[in-house]
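A.B. asks: This is the structure, below, for whatever I ask next.
The values are calculated or read from the model by the stated rules, or taken from the named source; none is laboratory data. It should be emphasised that the depicted structure is a prediction, and the values quoted were computed from it without experimental measurement. Every residue, glycine among them, receives a Cβ derived from its backbone with ideal geometry; neighbour counts consider all protein chains shown.
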Amino acid sequence: MKPVETLYLGIQDYQKTYEAMQEFTKHRDAQTPDQIWVLEHPAVFTLGLAGDMNHLLKHNTDIPLVKVDRGGQITYHGPGQIMIYILYDLKRLGIYVKELVFRIEEAVIRALAHFQIDAQRVAGAPGIYIQENHPKFAGAKIAALGLKVTRHCSYHGLALNVKMDLEPFKFINPCGYPGLQTIDMDSLGVKVDTKEVATVLVAQLQLQLK
């Protein structure tokens, strides 16, 4: 198996990245190496295939909304949030979507533990949340997942909030959950730049997805 290629792409437009993922997946073959794309997006709302526009609570903003072919409801992406797109051949890896989600979540939990943040899964709600014993931010969401699988190949991926403007999350029901609190690492007292977090997170993903 060819080694996974990791691309650090800086700040990239969401729509162009989305189209590039589709093209990569459409034209890849059995010999194409898997890739991990690491980047950030300018402010944007995204809405999944079955998304309900009623979860957009404030319409008169300058933040664009893009409808995409992942699962899930509405979410927000912006500067200071690490986006990692996982372009893997699941058939070659020998796993299915449910196992892929579990492994991605495990990588996020372990990466956050590296920075002394205790996080957990919540049954029936994909993503990663602050553990219930936290005195102030118990149950707050710190990472979101949005996946799509075509021809046994995954694209889309995960978003981890490092140090970002959290105000736009108040304009939506994050991932379709009214009142869900969203948090970032900075608000939890972890002062670290996105590059360092990305390095740790990519290393954990590579460990889990092998």
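A.B. asks: Mind checking which residues of the range 110-130 are modelled with pLDDT of 95 or more and over 14 Å from ALA144 (Cβ atoms)? Reasoning before the result, please.
C.D. replies: Kept after step one, since they are modelled with pLDDT of 95 or more, are these residues of the range 110-130: 110-121, 128-130.
Of everything in the range 110-130, those that are modelled with pLDDT of 95 or more and over 14 Å from ALA144 (Cβ atoms) turn out to be ARG110, ALA111, ALA113, HIS114, PHE115, GLN116, ILE117, ASP118, GLN120.
A.B. asks: May I pose another question? Quick one: is LYS191 out of contact with any strand residue (DSSP E or B) (no Cβ under 9 Å at 6 or more places or on another chain), of a type in the set (Lys, Arg), surrounded by fewer than 18 Cβ atoms within 10 Å (Cβ to Cβ) and at pLDDT below 95?
C.D. replies: no
A.B. asks: Scan the range 16-39 and report the pairs whose first residue is part of a strand (DSSP E or B) and whose second residue is of a type in the set (Asp, Glu), with Cβ atoms within less than 6 Å and a gap of 6+ or a chain change.
C.D. replies: Between residues of the range 16-39 that are part of a strand (DSSP E or B) and residues that are of a type in the set (Asp, Glu), the close pairs are GLN35/GLU5.
A.B. asks: Say we look at the range 39-61 and pick out the residues that are farther than 21 Å from PRO126 by Cβ and polar (S, T, N, Q); which of these is nearest to the chain's Cα centre (by Cα)?
C.D. replies: Filtering the range 39-61 for residues that are farther than 21 Å from PRO126 by Cβ and polar (S, T, N, Q), the one nearest to the chain's Cα centre (by Cα) comes out as THR61.
A.B. asks: Give me the residue from the range 147-174 that is more than 26 Å from GLU196 (Cβ to Cβ) and among the basic types (Lys, Arg) and, out of that set, modelled with the highest pLDDT. Break it down into steps so the answer makes sense when it comes.
C.D. replies: Quick first cut of the range 147-174, residues more than 26 Å from GLU196 (Cβ to Cβ) only: 148-153, 170-173.
Add one more test, that the residue is among the basic types (Lys, Arg), and what stays is 148, 151, 170.
On the way: LYS148: 81, ARG151: 71, LYS170: 95.
Checking each candidate, the answer is LYS170.
A.B. asks: Just the residues that are assigned to a strand (DSSP E or B) and among the aromatic types (Phe, Trp, Tyr), please, taken from the range 72-100.
C.D. replies: Going residue by residue through the range 72-100, those that are assigned to a strand (DSSP E or B) are 74-77, 81-87, 89.
Listed by number, the residues that qualify are TYR76, TYR85.
A.B. asks: Quick test of your reading of the structure: VAL66 fulfils all but one of (1) in contact with a Gly (Cβ under 6 Å, 6 or more places away or on another chain); (2) assigned to a strand (DSSP E or B). Name the failing condition by number.
C.D. replies: Unmet for VAL66, out of (1) in contact with a Gly (Cβ under 6 Å, 6 or more places away or on another chain); (2) assigned to a strand (DSSP E or B): (1).
A.B. asks: Select from the range 130-172 the residues that are within 30 Å of THR25 (Cα to Cα), crowded, with 18+ Cβ neighbours inside 10 Å and not hydrophobic (A, V, I, L, M, F, W, C) and list them in ascending order.
C.D. replies: LYS141, GLY146, LYS148, SER154, TYR155, HIS156, GLY157, ASN161
A.B. asks: MET21 - would you say it is within 16 Å of the chain's Cα centre (by Cα) and hydrophobic (A, V, I, L, M, F, W, C)?
C.D. replies: Considered against the rule, which asks whether it is within 16 Å of the chain's Cα centre (by Cα) and hydrophobic (A, V, I, L, M, F, W, C), MET21 comes out as yes.
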